[in-house]
Every structure is written in C-alpha cells, then in structure tokens.
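*Asks:* One structure, pasted below without further comment.
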Amino acid sequence: AGMLGRAGSVRELIEAGAEVGAKDVERKTLVHWAAEYGHMEVLKTVEEECGKETLRTLMMEKDELGVTCAHEASGRGHLEVLRYVVATCGEELLREKDMNGRTFAHMASAEGHLEVLRYVVETCGEEVLREKDK
C-alpha cells in the first residue's frame, strides 16, 4: 500500500490493527516505500493515524543497507517528501550515511536531482557535498 500510494488502504490497515512498523525482507517499512515513490499522502496518513512521534521513528529507521526514507526520497528526486521528512525529523537526518558511506547528496547527485542537492546545501551547508563515501 505504501509503494502504490494507497493512503486509504493504509488507513484501513492501521485501523484494523496492522503493525505500522512491519518490515519486509529488505527491512523496509511502508514509510521507506512511500518516500521512494513520492507518496506524500501515505506519509501524512501515517502521521494522522499514528501520531508524529511514530512517523518520526519510522522515518529514522534504516533498511538492510542502512538507507532511511530520506535517502530514498533524495535518490528519486522527491523534494516535497524530503522537505516533509526534514520538517518531521530535523536536518540532522540529512547527515546520515548508509552502509556504503553515502549521504543524501550522494544519492541525489548520482541520479541528477539538482533541486534536491540545492535544498540539501541550503539546509546543511556546502560541507555536505564534500563528504566521501566508502
């Protein structure tokens, strides 16, 4: 439901008692999938149904490769989602690295998402562009 952007289905599942923090075989949550595919309504639904603190906790979760939902949004160029993640979790999340030492700037630049890079620089400063991966 998170991957497909089905906010109504997410709401129904949560109301039926589904575990909102359940992880798949890659250790991704529905929040990872919603961020990767740019589904803001799913993220907002999780916040409405479960509260901001639960959403924040899920946004901070890392998958099996150390990737957060902010990495996912950056790599796919979903600036609106990234702004929402930062508003929920704080800009320190933009400094997180995955298991390969990649930051959000690495992910965005690898895919050519200049608008995301501009936002990261505005938010964290140019030093984030100098971070080295492994």
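*Asks:* Testing E72 on (1) at negative phi; (2) part of a loop (DSSP other than H, G, I, E, B); (3) touching a His at 6+ places or on another chain (Cβ under 8 Å), one condition comes back false. Which one is that?
*Replies:* (2)
*Asks:* Take the residues of the range 76-107 that are over 26 Å from G51 (Cα atoms) and hydrophobic (A, V, I, L, M, F, W, C): which is surrounded by the fewest Cβ atoms within 10 Å (Cβ to Cβ)?
*Replies:* Top of the filtered list is M99.
*Asks:* Could you pull out the residue among E127, E131 that is farther than 22 Å from L30 by Cα, without any contact (Cβ under 8 Å) to a residue 12 or more places away in the chain and charged (D, E, K, R)?
*Replies:* E127
*Asks:* Can C89 be described as in contact with a helix residue (DSSP H, G or I) (Cβ under 7 Å, 6 or more places away or on another chain) and within 22 Å of D24 (Cα to Cα)?
*Replies:* The answer is no for C89.
*Asks:* Can you tell which of G66, G75, G17 is modelled with pLDDT of 95 or more and not hydrophobic (A, V, I, L, M, F, W, C)?
*Replies:* The conditions single out G66.
*Asks:* Of the residues that sit in the range 108-123 and are modelled with pLDDT of 90 or more and buried (at least 22 other Cβ atoms within 10 Å of the Cβ), which one is nearest to E72 (Cα to Cα)?
*Replies:* A108
Yes/no matrix, rows are residues, columns are (1) among the aliphatic types (A, V, I, L, M); (2) assigned to a loop (DSSP other than H, G, I, E, B):
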{"position": "E53", "(1), (2)": "no, no"}
{"position": "M59", "(1), (2)": "yes, no"}
{"position": "E92", "(1), (2)": "no, no"}
{"position": "G112", "(1), (2)": "no, yes"}
{"position": "E115", "(1), (2)": "no, no"}
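*Asks:* Look at the range 24-44 and say how many of its residues are among the charged types (D, E, K, R) and without any contact (Cβ under 8 Å) to a residue 24 or more places away in the chain.
*Replies:* Number satisfying all stated conditions: 1.
*Asks:* If I ask for residues that are among the β-branched types (V, I, T), assigned to a loop (DSSP other than H, G, I, E, B) and buried (at least 16 other Cβ atoms within 10 Å of the Cβ), which ones from the range 6-51 would you list?
*Replies:* The answer is V20, T29.
The values are calculated or read from the model by the stated rules, or taken from the named source; none is laboratory data. Every value quoted in this text rests on a predicted model; they were computed, and no experiment measured them. For neighbour counting, all protein chains shown are included, and Cβ atoms are generated from backbone atoms with ideal geometry for every residue, glycine included.
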